[in-house]
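Novice: Have a look at the structure that comes next, please.
The values are calculated or read from the model by the stated rules, or taken from the named source; none is laboratory data. Keep in mind that what you see is a predicted model, and the values were worked out from it rather than measured. Heads up, the Cβs are rebuilt from the backbone with ideal geometry, glycines too, and the neighbour counts pull from every protein chain shown. Heavy atoms of the whole protein, side chains included, go into the accessibility calculation; ligands, DNA and RNA do not. Shrake-Rupley method; radii C 1.70, N 1.55, O 1.52, S 1.80 Å.
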Amino acid sequence: MEYKDPKREHFRAECTVDGTYEDNAPRFTLEAMANLPLLPDDVLLCIMKYLGPVELHNLSKITERLGHLASDKSLWRTIDFRPHKLTSTQLLKYVNYFKESTKFLAVRGFASEAPNLKRRDGVLTPKLLEEIVKKCPELETLILDEYYGPACKLSIELLPSTICRLSMRDCVITDLDPQNSYFHDMYAHVPYIKVLILSNCKWVSPHDFMAISKCHWLEELRMDGCLQLGDCVAYTSLAARCGFHSLKILDLRNTRMGDSDVACFSLSLRLTHLYLQCPSVDNEVSDDLHGDPNCVEGYDFLDCNDDDDTNAPSLIEDICGGFSPLG
């Protein structure tokens, strides 16, 4: 007959993980949690796949075995720091976890915490980007949302040349070169780029639109909320005629693109989805926007991955059938 300790059975029935007491609670007990290290490695790895990079780092400090498992390359193919806003100094301590097999890396900055200037530090530094390039030679997706800082610290030349998906949603880039586009020679530095997300980047100009069009393999371009875009038929016409050879999806909602600009895309034979929506009157671009990237109040946008027609106030599909080619 199996012996049962009355004290242990009473503790098992009443004490739950969240510290509350409930009779016969069908939850893990503290005793079960203590036995977690007794599980085999493959089971622990399956459990640890549900943890983020910060949680894995904390777990690695408990025991040597857990530290070894937390460094397994299968856990670091996708690295997402967005739930935690970390500075470049804090991120550097995670560099040793980055693997050659890492395909996805996402970080989030402090641009949304304006006007608290102390918190609007650059998340990425040239040193950190150099480590990312060195440690992740197969990186495909890089997300740098809400980054705030000067262009020299996050220039396109510093990004991994292997990426094919880049997101800079809600970024604020300062100290831009008035003579050259921020995306100058982007086609050479990130030649495999297929998806570029620039949602709500109010510093993006028509000149940048022309530079981006040179990316030969670019298939998806999201520029919703780039309020400086508009009244740029010359740039738009050249971009549509000489560039955007592979572009299929273009999001121009909440920009000042007019009828003449839109008509230029009749030359883009591969374009299948064009999203349009007039910006709010409250969000019109002021004359000094380029000097102060934050002079326009922020507003919400639809998710950049949401292609549901009900969420797009004006969606033109199969645009090539809607326009006859010019000239």
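Novice: Which cross-chain or sequence-distant (5 or more) residues have an amide H under 5 Å from the amide H of T174, H modelled 1.01 Å from N in plane?
Specialist: G149, A151
Novice: Okay, next question. Output ³J(HN,Hα) for region 260-274: one whole-Hz value per residue in order, computed from phi by the Karplus curve 6.51 cos²θ - 1.76 cosθ + 1.60 with θ = phi - 60°, and x for Gly and Pro.
Specialist: In residue order, the calculated couplings are 5, 5, 5, 4, 4, 7, 5, 7, 8, 6, 8, 5, 10, 10, 10 Hz.
Novice: Per residue of region 40-46, what does 6.51 cos²θ - 1.76 cosθ + 1.60 with θ = phi - 60° give for ³J(HN,Hα)? Whole Hz please, x for Gly and Pro, Karplus curve as stated.
Specialist: Ordered by residue, 3J(HN,Hα) equals x, 4, 5, 6, 4, 5, 5 Hz.
Novice: Taking the full set of protein chains and a 1.4 angstrom probe, give the accessible area of L92 in square angstrom, rounded to the nearest 10.
Specialist: Counting only protein heavy atoms, L92 exposes about 60 Å² to solvent.
Novice: Measure off, as a whole percent, the carbon and sulfur share of the 1.4 Å-probe accessible area of region 140-243, all protein chains present.
Specialist: Carbon-and-sulfur percentage of accessible area, whole number: 51.
Novice: Let me ask something else. Provide the per-residue ³J(HN,Hα) series for region 88-95, in order, calculated from phi with Karplus coefficients 6.51, -1.76, 1.60 and θ = phi - 60°, each as a whole number of Hz, with x at glycine and proline positions.
Specialist: Result, ordered by residue: 4, 4, 5, 5, 4, 6, 9, 4 Hz.
Novice: For S246 paired with A151, estimate the spin-label separation in nm (one decimal), with each label point 7 Å from Cα along the Cα-to-Cβ line.
Specialist: Result: 2.6 nm between the two label points.
Novice: Just order 229-235, 211-217 by mean Cβ neighbour count inside 10 Å, highest at the front, would you?
Specialist: Ranked from most to least packed, the peptides come out as 211-217, 229-235.
Novice: What nm distance separates the two modelled labels at S71 and D231, each placed 7 Å from Cα along Cα→Cβ?
Specialist: 5.9 nm
Novice: State whether region 151-239 is rounded, prolate or oblate according to the following rule on the C-alpha gyration tensor (a ≥ b ≥ c being the square roots of its eigenvalues): a/c under 1.5 gives rounded; otherwise a/b larger than b/c gives prolate, and the remaining case gives oblate.
Specialist: rounded
Novice: Taking amide H positions as placed in the peptide plane 1.01 Å from N, state which residues far from R108 in sequence (5 or more) or on other chains have amide H under 5 Å from it.
Specialist: L86
Novice: Starting from the Cα of K153, draw a straight line to each of the lysines and keep only those under 26 Å, dropping any in the same chain fewer than 8 residues away.
Specialist: K85, K93, K99, K103, K118, K127, K134, K135, K194, K202, K214
Novice: Report the label-to-label distance for N96 and V54 in nanometres (one decimal), using points 7 Å from each Cα along the Cα→Cβ vector.
Specialist: Result: 2.1 nm between the two label points.
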